[in-house]
Structures are given as structure tokens and as C-alpha cells.
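Colleague: Would you mind keeping the following structure in view while I ask a few things?
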Amino acid sequence: MIDQRPHEALRVLGVMALLLLTVGLSLTVGARSVPWSEIWAGLNGRIETIGAAAVAVRMPRTLLAVLAGGALGIAGAVMQGITRNPLADPGILGVNAGAALFVVVGIAWFDISGATTFLWLGVAGAGAAAVFVYAIGSAGQGGATPLKLTLAGTATSIAASAFIIAVVLPRNDIAGSIQSWQVGGIGGARFDTIFPALPFFAAGLVLSLASARVLNALALGDELAAGLGQNVALGRALAAAGAIVLCGTATALCGPIGFVGLVVPHMCRLFVGIDYRLLIPLSAIAGATLLGLADVLGRIIARPNELDVGIVTAFVGAPFFIWTVRRQRMRGL
């Protein structure tokens, strides 16, 4: 039997190289393209250069794309593993909408401010939505089937979005900024809002990586996973906590960005298979790459204006979602 590990390593290195290329494009491409020589001069602290201005604006934006994209990619992979649902995604399951709802209510009703408070609200909202959707999807005969979870998540997203509109409409002072944030974007990224989120991203990453072995066992079914010595309930709870922290943090910073968590894990399985010990870290790299490329593409196609990444990922993700649904129906799932 042919050893596939060298091929998998080459594929992972290829994705990492694409991420590095994406970071380079993110720093150089914009309403005005800046050559690498100017970028390098800006990185070296020559404040009189055009590159210094580009670095000051684009560096936090690039960092946020990498962090949020990686977080959403991991969250999607973990959610698909927990639910054994190929359609699982923070947006489709309503988790992003729950995080957005809590943040908006905190701003509109309680005058909440401060990056750290927004992060806690996003995580709390993501957790509440995840519990609600899973409870609804688990009710009735058959338990939490992929179809029931998808329908419950879609209904939750619609209800949360409608409630957000009802909260925001009477508040002209915050309506514009919240509506822009709801689209999902990274254009206003700043280091002072990103740095408080680093512990949240780190905690979510650690929980997700620690649950990789449990997710591998869950793919065989709950009974067999328990027979292999895994604590199914605890393992599923820890994995869910990691995904909730990651997507809640990303939503608090960027707004609800959809389809990254759906597309990335499916693409990564083509490279490394179904082993979550490889799938989770590769989903982080690929998610960062996808969101970074979406941001670069949004700057190019709408020059001199920009398209938010949430719009670009929707154009990519919606056809992929339809294709995935059709494939699962053909398989009879």
C-alpha cells in the first residue's frame, strides 16, 4: 500500500505557501497598489514612505483576516465533526447570528463599549444560539439529524436577524455602523481591538485541537466511540466550546461572515482526509487563506471602493452550499 503521508505534507506546504502569498497580496493590493520596496521600508519604520501608511492600515486588517478566517475554518470543521452534518457551518447553524444578536443588544440597550466586553457578548451569544439550535434539532424522532439541525439553524438565523433589525431601526445613532458591521468585514481593523481577542482565539484553538481524537471517534458513531474509551458527552462539550469561542470571537470583531466554515473543511478533506488531528490545523490555514483572498478580491473588483468580505464569501459559499446539498441528496442522506 502506497504511503500517502509525503503527498499530504506537500499539500499542506502548498496551502501554507498560498497563505504567505495571500498575506503579501493583502499588504500590497488596495485602492492604491504599493510596491514591496515601499512596504519593506514601512516595516522598517521609515514613516515618511507610502509603505508606512499602507502598513499602518493594512497590517491589522491582514492580521484580522488571518485570525478570523482561521477561527471560522476550525469552527466549521469541529461543528461538522460534532454533529456529523456535512452542512454544518457557524452561519448556517445560527451561531453567528446569535453572537451578532447579543452584541447588538448590548450596544443598543445597555450602551456597552470596550473590545473585551464585545468579545464576551459574542461568545455568550454564540453559545446560547448553539444550545438552542441543538435542542430544537434534537427534539422528536431520530434525534439531531443533519436536516433538522440545518432547518433549526436557518430559522434561528432568520429570527435573530429580524430581531436585530427591530432593535436597530429606532436607533438612528447606531443604525449605520451596525448595518455595515452586519455585512461582515475587516476594513476597520485596529490593533487595539485585535490584541484583546488573542486569548480568546488561543483558548478556542487549544480546545479544538484537544478534541481532535474525540472527533475522530465520533465519526464512527457515539456507541463505538464510547466503546473505544472516549467520554462522548464531555468530548462533544469541549469541542463545541472551542468552536463557540472561535466563531463568537470572530463575529464580535468582524460581524457575521458566512460560508467559510462550510467550504474550508470540505476542501481540506480532499488534501488530508478525515483525520481531525490534521484537518483542524489545515482548516485554520485554509480559512485564513480564503478570508484573506476574499478581502483582496473585494478590493480589486470594486476599485476605488471595496466589497466587504462577507459579500465575497457569500458569492463563493452559496453555490458550494447548493452543490453540497445536491450531493447529499443523491447519496440519500
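The values are calculated or read from the model by the stated rules, or taken from the named source; none is laboratory data. Please read all numbers here as calculations on a predicted model, not as lab measurements. Every residue, glycine as well, gets a Cβ built from its backbone with ideal geometry; the counts of neighbours run over all protein chains shown. Accessible surface is based on the protein model in full, side chains and every heavy atom, while ligands, DNA and RNA are left aside. Shrake-Rupley method; radii C 1.70, N 1.55, O 1.52, S 1.80 Å.
Colleague: Does Phe321 count as open to solvent by 10 Å² or more (accessible area, probe 1.4 Å), on the phi > 0 side of the Ramachandran plot and in contact (Cβ under 8 Å) with a residue 24 or more places away in the chain?
Modeller: Taking the combined requirement at face value, the residue does not satisfy it.
Colleague: With (1) surrounded by fewer than 20 Cβ atoms within 10 Å (Cβ to Cβ); (2) farther than 25 Å from Ser157 by Cβ; (3) free of Cβ contacts under 8 Å to residues at least 24 places away in the same chain as the list, and Asp275 as the residue in question, which single condition is left unmet?
Modeller: Tallying (1) surrounded by fewer than 20 Cβ atoms within 10 Å (Cβ to Cβ); (2) farther than 25 Å from Ser157 by Cβ; (3) free of Cβ contacts under 8 Å to residues at least 24 places away in the same chain, Asp275 fails exactly one: (3).
Colleague: May I ask you to verify whether Arg84 is surrounded by fewer than 24 Cβ atoms within 10 Å (Cβ to Cβ), under 30 Å from Thr22 (Cα atoms), at pLDDT below 95 and within 19 Å of the chain's Cα centre (by Cα)?
Modeller: Criteria not met by Arg84.
Colleague: Show the residue pairs meeting these rules: Cβ distance below 6 Å; 6+ apart or different chains; first residue within the stretch 288-312 and within 16 Å of Leu64 (Cα to Cα); second residue in a helix (DSSP H, G or I) and among the acidic types (Asp, Glu).
Modeller: If the second residue must be in a helix (DSSP H, G or I) and among the acidic types (Asp, Glu), the pairs left are Val309/Asp295.
Colleague: State yes or no: is Ile164 under 24 Å from Ala115 (Cβ atoms) and more than 19 Å from the chain's Cα centre (by Cα)?
Modeller: When the stated conditions are applied, Ile164 passes them.
Colleague: Can you tell me which residue within the stretch 285-310, out of those that are open to solvent by 60 Å² or more (accessible area, probe 1.4 Å) and not polar (S, T, N, Q), is nearest to the chain's Cα centre (by Cα)?
Modeller: Looking at residues that are open to solvent by 60 Å² or more (accessible area, probe 1.4 Å) and not polar (S, T, N, Q), I get Leu293.
This table checks each residue for (1) at pLDDT 95 or above; (2) open to solvent by less than 50 Å² (accessible area, probe 1.4 Å); (3) among the β-branched types (Val, Ile, Thr).
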site: Thr193; (1), (2), (3): no, yes, yes
site: Pro199; (1), (2), (3): yes, no, no
site: Leu205; (1), (2), (3): yes, no, no
site: Ser208; (1), (2), (3): yes, yes, no
site: Arg213; (1), (2), (3): no, no, no
site: Leu220; (1), (2), (3): no, no, no
site: Leu224; (1), (2), (3): no, no, no
site: Leu228; (1), (2), (3): no, no, no
site: Gly235; (1), (2), (3): no, yes, no
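Colleague: Looking at the stretch 144-164, I want the residues that are touching a residue at least 60 places away in the same chain (Cβ under 8 Å) and at negative phi and have a partner that is open to solvent by 60 Å² or more (accessible area, probe 1.4 Å) and of a type in the set (Asp, Glu) with Cβ atoms under 7 Å, at least 6 apart or on another chain. Which pairs are those?
Modeller: Taking only residues 6 or more apart or on different chains, not a single pair turns up.
Colleague: When Arg58 is evaluated against the numbered criteria (1) modelled with pLDDT under 90; (2) within 30 Å of Ala233 (Cβ to Cβ); (3) crowded, with 22+ Cβ neighbours inside 10 Å, which criterion, by number, is the only one it fails?
Modeller: The number of the failed condition is (2).
Colleague: Please work out which residue is nearest to Ala68 (Cα to Cα), limiting yourself to the stretch 9-44 and to residues that are open to solvent by less than 40 Å² (accessible area, probe 1.4 Å) and at pLDDT below 80.
Modeller: Gly30
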